[in-house]
Amino acid sequence: MNLLAIFSWGRVYFTIMQRRLHPLEGIVALFALFLVLALTVGFAQAGELGAAPRAQKVVLLRSSAVLVQDADTGEVVINKNSEAVVPIASITKLMTAMVLLDSGVDLSMRVVLAREDVDRYKGSRSRLRTGSVLTRDELLLLALMASENRAGAALGRTYPGGTQALVEAMNEKAAELEMTDSHFVDATGLSKGNVSSARDLAKLVRAAHGYPLIREYSTRDRATVTAFGRPLSFRNTNGLVRSSHWEIGLSKTGYISEAGRCLVMRVRLASKDLIVVLLDSWGKHSRVGDANRIKKWLESHAASS
């Protein structure tokens, strides 16, 4: 029903009222006109509401900050608060790994875990006891795959010049990558002082993907190391690497209370290489849920386009 129809009904009503009608007939005619007007407005509003979802290219996500970006072209596919500067927890370990590998240190060097490697920020637990002896290579694997904090701390402590030198190199690397929203204060990400934005972390993921060892270690399903003569098995903190429905080229999770649940990945979805950044997911499983929602939305969008 449009304005022309309303006008036509108005003419009909006017014609009717020109005749000498019984009062009851006039009331019925007036009521009919009002009914037509109400239905017309209702249908128009319903049409607008029905069209809105088709016009919007959005997917509802529970993470506070989100960025999905084409890894090749840089085109932004999904953007939600990507400029917000927030704590990033163990996503920090990607920068730690890059700086460590850039330095050319001997990865076969054996490292004894010390008391200094115990978490002084959160008091988090670790299966790596002080006195355990592992190679730098094993520590790097556990830091990236299992997000092992003592492994990350030991890598920082044994970096040439110590943890402070590593942190300085991390911030220099961030500046080199034009990560203007980012600042690092430790090797593990346990401090809330390690901050960045989703748009900066997309740059970090892009750069980290250029390191074959980071790609391999961050996506490995599980690994076993030996400490005090006993085998210790670890699993990847991102369960999606174990799914046959996902093609993941790089992965890193993170969590501290100030940062919420975080996840960054480089993935192959809907025939595209994408960078996915999810920060501050409020539920334990929300970051994985958001990742699956993004996957479903992208695949359905690609199928309909």
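The values are calculated or read from the model by the stated rules, or taken from the named source; none is laboratory data. Just so it is clear, the structure is predicted and the values come from calculations on it, not from any experiment. Virtual Cβ from ideal backbone geometry, glycine too; neighbours counted across all protein chains shown. Note: areas computed on protein heavy atoms with side chains; ligands, DNA, RNA excluded. Shrake-Rupley method; radii C 1.70, N 1.55, O 1.52, S 1.80 Å.
Taking every alpha-carbon pair under 8 Å whose residues sit at least 6 apart, the range 108-246 reaches a relative contact order of 22 percent.
What part of the accessible area of the range 86-234, given as a whole %, is carbon or sulfur when the probe is 1.4 angstrom? For the range 86-234, the apolar C and S fraction of the accessible surface comes to 48 percent. Amide H contacts for Val77 (H built 1.01 Å from N in the peptide plane; partners 5 or more residues away or on another chain; cut-off under 5 Å): Val68, Gln69, Asp70. Our estimate of slack between Lys272 and Met109, defined as 0.36 nm per intervening residue step minus the Cα-Cα distance, is 54.8 nm. For His183, the solvent-accessible surface computed with a 1.4 Å probe is close to 90 Å², ligands and nucleic acids excluded. Converting phi to 3J(HN,Hα) with the Karplus coefficients 6.51, -1.76 and 1.60 and the offset θ = phi - 60°, the range 184-200 yields 10, 10, 8, 8, 9, x, 6, 7, 5, x, 7, 10, 6, 10, 4, 5, 5 Hz in sequence order, with x at every glycine or proline.
In a fully extended conformation the segment linking Ala302 and Asp70 would gain 82.1 nm over its present Cα-Cα distance, using 0.36 nm per residue. Per residue, the solvent-accessible area of the range 157-244 (1.4 Å probe, heavy atoms of protein chains only, all protein chains present) comes to 46 Å². Structure shown: which of Lys173/Lys272; Lys93/Lys252; Lys252/Lys296 lie over 18 Å apart, alpha-carbon to alpha-carbon? Long pairs (Cα-Cα over 18 Å): Lys173/Lys272; Lys252/Lys296. Mean sequence separation of contacting Cα pairs (under 8 Å, at least six apart), scaled by the length of the range 225-305, corresponds to a relative contact order of 19 percent.
Residues of the range 130-163 falling in the label zone of Arg230, defined by backbone nitrogen less than 18 Å from a point 7 Å along Cα to beta-carbon, are 130-134.
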